[in-house]
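The values are calculated or read from the model by the stated rules, or taken from the named source; none is laboratory data. The model shown is predicted, which means the values in this text are computed figures rather than measured ones. Heads up, the Cβs are rebuilt from the backbone with ideal geometry, glycines too, and the neighbour counts pull from every protein chain shown. Surface areas here come from the heavy atoms of the whole protein model, side chains and all, with no ligands, DNA or RNA. Shrake-Rupley method; radii C 1.70, N 1.55, O 1.52, S 1.80 Å.
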Amino acid sequence: MPDRASPRISSRKQPQQARSAGLVATILEAAVQVLAKEGAARFTTARVAEKAGVSVGSLYQYFPNKAAILFRLQSDEWRQTADMLRAILEDRARPPLDRLRALVHAFLKSECEEAAMRGALADAAPLYRDAPEAKEARGSADDVVATFMREALPNASDAVRAMAGDLIKTTVSQVGKDYSETPRTDAEISTYADAMADMFCAYLRSLDRG
């Protein structure tokens, strides 16, 4: 049985003028509000257009379907996370393990602050997760992590560095998702992030010695 074709998730066109860019921003802000209120199951282009105060035809000038809107929201979130990752891990004024600790704190806090939105986007993922654009977007931070691991583990092999980087990324992502499902205070988040950072730092020290 042939694979089902991936939905078209690329924007129809990129806004060239300030007015067009403002319209796209309005549509995306409306999409965030609709997704937060209605959830992925009831998310439609008609609801987004109504919330944005534009016609569906105007919306379709930039987004061919609801999957394209949701993917844009998700890819923007991925980009923001990648930028945060890069800013922290490439700060060579700080020792590598200090950077790792700062990253764990920043990521966990971000997950908790945006838990509702991230959960809704996760529910919508089947609409676009197999599209080539999605696979490309998900890999945007890999080079940053690989570079950091070479600095944090100078005595380890490439295979060990790759394993460590993948383990930390996977653990932070999954733990952050699970932990953020319950409302947390800033103090609770900080304590939990410290414990997770302690675990990662001890792990990297053991690998570097070994």
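Looking only at region 142-163, filter to residues that are not hydroxyl-bearing (S, T, Y) and not in a helix (DSSP H, G or I); which one of those is nearest to the chain's Cα centre (by Cα)? Per the stated criteria, the residue is L153. Give me the residue from region 48-80 that is open to solvent by 70 Å² or more (accessible area, probe 1.4 Å) and among the polar types (S, T, N, Q) and, out of that set, farthest from P132 (Cα to Cα). Residue satisfying both the conditions and the ranking: Q61.
Test E188 against the stated conditions and say whether it is in a helix (DSSP H, G or I), farther than 19 Å from R79 by Cα and charged (D, E, K, R). Criteria met by E188. Cβ-Cβ distances below 7 Å connect the following pairs, each with a first residue in region 76-97 that is under 14 Å from T147 (Cα atoms), a second residue that is assigned to a helix (DSSP H, G or I) and open to solvent by 50 Å² or more (accessible area, probe 1.4 Å), and a separation of six or more residues or different chains: P96/E151. Looking for something loosely packed, with under 15 Cβ neighbours inside 10 Å, touching a helix residue (DSSP H, G or I) at 6+ places or on another chain (Cβ under 8 Å), among the charged types (D, E, K, R) and within 29 Å of A31 (Cβ to Cβ) - is there at least one such residue anywhere in region 106-113? No, there is no match, as no residue in region 106-113 is loosely packed, with under 15 Cβ neighbours inside 10 Å, touching a helix residue (DSSP H, G or I) at 6+ places or on another chain (Cβ under 8 Å), among the charged types (D, E, K, R) and within 29 Å of A31 (Cβ to Cβ). The residues on offer are D208, D130, D166, and the sole one that is open to solvent by 50 Å² or more (accessible area, probe 1.4 Å), over 19 Å from D76 (Cβ atoms), outside any loop (DSSP other than H, G, I, E, B) and out of contact with any Gly (no Cβ under 9 Å at 6 or more places or on another chain) is D166.
For R99, the criteria (1) open to solvent by 30 Å² or more (accessible area, probe 1.4 Å); (2) closer than 29 Å to D186 by Cβ; (3) touching a Leu at 6+ places or on another chain (Cβ under 9 Å) hold in every case but one, which is (1). Just checking, which of V48, V56 is assigned by the TED database to the domain that holds G22, in contact (Cβ under 8 Å) with a residue 12 or more places away in the chain, among the hydrophobic types (A, V, I, L, M, F, W, C) and under 16 Å from A30 (Cα atoms)? Selected residue: V48, the only one of V48, V56 that is assigned by the TED database to the domain that holds G22, in contact (Cβ under 8 Å) with a residue 12 or more places away in the chain, among the hydrophobic types (A, V, I, L, M, F, W, C) and under 16 Å from A30 (Cα atoms). When R94, R99 are screened for being modelled with pLDDT of 95 or more, under 25 Å from A195 (Cα atoms) and assigned to a loop (DSSP other than H, G, I, E, B), only R94 passes.
Number of residues in region 1-47 that are open to solvent by 30 Å² or more (accessible area, probe 1.4 Å), within 15 Å of Q61 (Cα to Cα), of a type in the set (A, V, I, L, M) and modelled with pLDDT under 90 equals 1. Just so you know, in region 133-149 the residues that are loosely packed, with under 14 Cβ neighbours inside 10 Å and among the charged types (D, E, K, R) include one that is modelled with the highest pLDDT, and it is D143. Among residues of region 163-181 that are more than 14 Å from R150 (Cβ to Cβ), those with a beta-carbon under 8 Å from a residue that is in a helix (DSSP H, G or I) and open to solvent by 70 Å² or more (accessible area, probe 1.4 Å) at least six positions away or on a different chain give the pairs Y179/Y192.
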